[in-house]
Amino acid sequence: MSIQTIMVIGAGQMGSGIAQVAASAGRRVLWHDLSMPLIDKGMLVISNQLDRNVAKGRLTEEAKVSILSRIQLTGAIEEAAQVDLVIEAISENMAWKTALFQKLDGICPSHVILATNTSSLPITEIAAATTRPSQVIGMHFMNPVPVMPLIEIIRGLETSQHVFDAIFQLSKELGKTPVEVQDFPGFVSNRILMPMINEAIFTVYEGVATVEAVDTVMKLGMNHPMGPLELADFIGLDTCLSIMEILHEGFKDSKYRPCPLLRKYVKSGRLGRKSGQGFYTYSS
Ligand code: NAD
């Protein structure tokens, strides 16, 4: 199955990256969010990113114009009826995602594949909200999408081999390295990464070391390119908390309990880079 037209839903940091990568790989992209100003802002992010690539000589001005021309912004989700694939990248909230998939199931013809970029929610449960569970799959891109080569491709219980093969092939055509993963909480990436980030937060919470000290230990001692707390701010503290809660709920194991300090920050609106304040402070 050839996938040429893709609707990306969600204009946050992941949706912008996915729209950019899909358009760069020659796909026509319809880009939707509940909020049109957010999509306009997302388009500016893509345009600035492409400008930087032009300045560095990695992209020609003509190629940039052509990539941007393939992205069409839309406030009408009904336009999902014309695409081959929908990639959902809205906030990490099961009730919102299942409501969206139900709606998409009513709008899209039966051959359309519905993919979710969820970091940790069960694909099988999202698929069960539709009448086409065999056409639903996880496509877990990494942040920042234009830079990171990995996509975890997650099979729901009912995902068909045909759909899996089509998405695996598309991921390669997007210039990524797909890795097959089964549908269990946190998949592979976040099952390993998030407990490390949560433990780093506990280390600060218990007064073992400062934020800067924890990050320095992990960068200089473990050769991590970014400290875990800087990475948590980059991912979004609300997203980190949601993933820890899903691991905790999914495995019913206390080793996944979210640190109270993470909860407190999220409740106060400190969400990391996107809100200007997390473990570090960011200027706009
Ligand atoms: P974000 O908070 O930056 O953006 C979410 C966007 O979704 C917002 O623009 C919001 O307006 C929009 N939205 C919410 N509900 C909507 C709806 N019903 N219809 C249309 N738009 C809606 O979030 P993000 O960091 O881009 O994450 C998006 C998804 O990608 C989440 O599932 C997250 O777990 C996953 N993910 C995040 C990262 C990361 O590092 N942040 C990495 C991989 C995967």
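The values are calculated or read from the model by the stated rules, or taken from the named source; none is laboratory data. The model shown is predicted, which means the values in this text are computed figures rather than measured ones. Reconstructed Cβ throughout: ideal geometry from the backbone, glycine too, with neighbour counts over all protein chains shown. When the accessible area is computed, the model is the full protein with side chains, heavy atoms only, and any ligands, DNA or RNA have been set aside. Shrake-Rupley method; radii C 1.70, N 1.55, O 1.52, S 1.80 Å.
Between Ala95, Ala11, Ala23, the residue with the greatest mean-square fluctuation in the GNM of the chain (Cα pairs under 10 Å linked by springs) is Ala95.
Under the classification rounded if a/c is under 1.5, otherwise prolate if a/b is larger than b/c and oblate if not, where does the chain fall, given a ≥ b ≥ c as square roots of the Cα gyration tensor eigenvalues?
On the way: a/c = 1.81, a/b = 1.30, b/c = 1.39.
Oblate, because a/c is 1.5 or more while a/b does not exceed b/c.
Please report the relative contact order for region 5-181, taking Cα pairs under 8 Å with a sequence separation of at least 6, and give it as a percent rounded to a whole number. Provide the component values of the computation, followed by the final result.
Values: 328 pairs, mean separation 37.7, N = 177.
Normalised by residue count, the contact order of region 5-181 is 21 percent.
If you add up the charges near Thr239, with Lys and Arg at +1 and Asp and Glu at -1, over every other residue whose beta carbon is less than 14 angstrom from its beta carbon, what do you get?
Numbers: positive: Lys97, Arg263, Arg270, Arg273, Lys274; negative: Glu92, Asp233, Asp238, Glu245.
So the surrounding residues net to +1.
Derived scalar couplings between HN and Hα for region 119-133 equal 7, 6, 6, x, 5, 4, 6, 5, 4, 5, 6, 10, 9, 9, x Hz in order, rounded to whole Hz, by the Karplus curve 6.51 cos²θ - 1.76 cosθ + 1.60 (θ = phi - 60°), x for Gly and Pro. For the chain, a Gaussian network of Cα nodes joined below 10 Å ranks Met14, Met218, Met244 by mean-square fluctuation, and the top entry is Met218.
Among rounded, prolate and oblate, which fits region 1-149 when a ≥ b ≥ c are the square roots of the eigenvalues of its C-alpha gyration tensor, a/c under 1.5 means rounded, and a/b larger than b/c means prolate? Let's see the in-between values first.
Values: a/c = 1.92, a/b = 1.75, b/c = 1.09.
Judged from the Cα gyration tensor, region 1-149 comes out prolate (a/c at least 1.5, a/b above b/c).
Per residue, the chain exposes 46 Å² of solvent-accessible protein surface, assessed with a 1.4 angstrom probe and all protein chains in place.
Provide the FRET efficiency to the nearest 0.05 for the Glu206-Val179 pair, computing r from the beta carbons and using R0 = 41 Å.
Details: r = 35 Å, r/R0 = 0.85.
Plugging the Cβ-Cβ distance into 1/(1 + (r/R0)^6) gives 0.75.
Annotation: extensible slack from Lys219 through Gln72 equals 48.9 nm (criterion: 0.36 nm per residue apart, minus Cα-Cα distance).
Site pair Asp51 and Leu38 shows an inter-label distance of 2.4 nm when each label is modelled 7 Å from Cα along Cα→Cβ. With a Förster radius of 30 Å applied to the C-beta separation of Glu245 and Thr131, the computed FRET efficiency comes to 0.55. Short-range pairs are left out: with C-alpha atoms under 8 Å and at least six residues apart, the relative contact order of region 191-274 is 33 percent.
Apolar share of the accessible surface for the chain: 56 percent from carbon plus sulfur atoms, 1.4 Å probe. How high is the FRET efficiency between Gln102 and Ser268 when r is their beta carbon distance and R₀ equals 51 Å, given to the nearest 0.05? That gives a FRET efficiency of 0.95.
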